[in-house]
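Heads up, the thing below is written out as structure tokens.
None of the figures in this text is laboratory data; all of them are computed from the coordinates on show. It should be emphasised that the depicted structure is a prediction, and the values quoted were computed from it without experimental measurement. Note that each Cβ is placed from the backbone with ideal geometry, even for glycine, and that neighbours are counted across all protein chains shown.
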Amino acid sequence: VNNAGVLAVAPVTEFDLADFDHMLAVNVRSVFVASQAAARYMGQGGRIINIGSTNAERMPFAGGAPYAMSKSALVGLTRGMARDLGPKGITVNNVQPGPVDTDMNPASGEFADSLIPLMAIGRYGEADEIASFVAYLAGPEAGYVTGASLTVDGGFAA
């Protein structure tokens, strides 16, 4: 499971290129490098699960274009890797959580208050709700699911 991410927010005209490069290194390059190493080790069969973001499809606030781009890149990477690794019995999927209560994105405060009204369920998700979905994808029941970006967001993108 590839679960790493950083977020920097600024208007496109003012976005620091060092922040941009760092975000791509963590959000995209590290996923590729870790997946490449895992696929070599796995041999026949296995699961690669990327943790993306619903922001790949919906960016509801200004200043988030580079972050959205980095998470959109995971959609293409997931599809491409699914094609490459499918013949080896390895599935590759991308989970796109919406707002989840974490240290990076707490469920309280001004920012959270601006996002909650955008969700059909009207609350932040909990980490165990995302983990349960990841566990399903990692299990044998999801053996026919590959190349998919699956949104788990309480209706944030609805």
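Tell me the residue from VAL95, VAL75, VAL134 that is assigned to a strand (DSSP E or B) and hydrophobic (A, V, I, L, M, F, W, C), please.
Going through VAL95, VAL75, VAL134 in turn, just one is assigned to a strand (DSSP E or B) and hydrophobic (A, V, I, L, M, F, W, C): VAL95.
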Any hit, region 60-70, residues being buried (at least 21 other Cβ atoms within 10 Å of the Cβ) and under 13 Å from SER149 (Cβ atoms): no
Test set (1) in contact with a strand residue (DSSP E or B) (Cβ under 9 Å, 6 or more places away or on another chain); (2) in contact (Cβ under 8 Å) with a residue 24 or more places away in the chain; (3) not hydrophobic (A, V, I, L, M, F, W, C) - GLY139 fails condition number: (2)
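Return yes when ASP113 is of a type in the set (Asp, Glu) and over 22 Å from GLU129 (Cα atoms) and no when it is not.
So ASP113 does not fit the description; no.
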Residue that is nearest to PRO97 (Cα to Cα), among those in region 25-55 that are touching a Pro at 6+ places or on another chain (Cβ under 9 Å) and of a type in the set (Gly, Ala, Ser): SER53
Top-ranked residue in region 20-40 [being touching a residue at least 40 places away in the same chain (Cβ under 8 Å) and not hydrophobic (A, V, I, L, M, F, W, C); ranked as farthest from GLY52 (Cα to Cα)]: SER35
In region 75-90, the residues that are crowded, with 19+ Cβ neighbours inside 10 Å and under 16 Å from GLY143 (Cβ atoms): ALA82, LEU85, ILE90
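Is it the case that ASN3 is surrounded by fewer than 16 Cβ atoms within 10 Å (Cβ to Cβ), under 10 Å from the mean Cα position of the chain (by Cα) and of a type outside the set (Asp, Glu)?
yes
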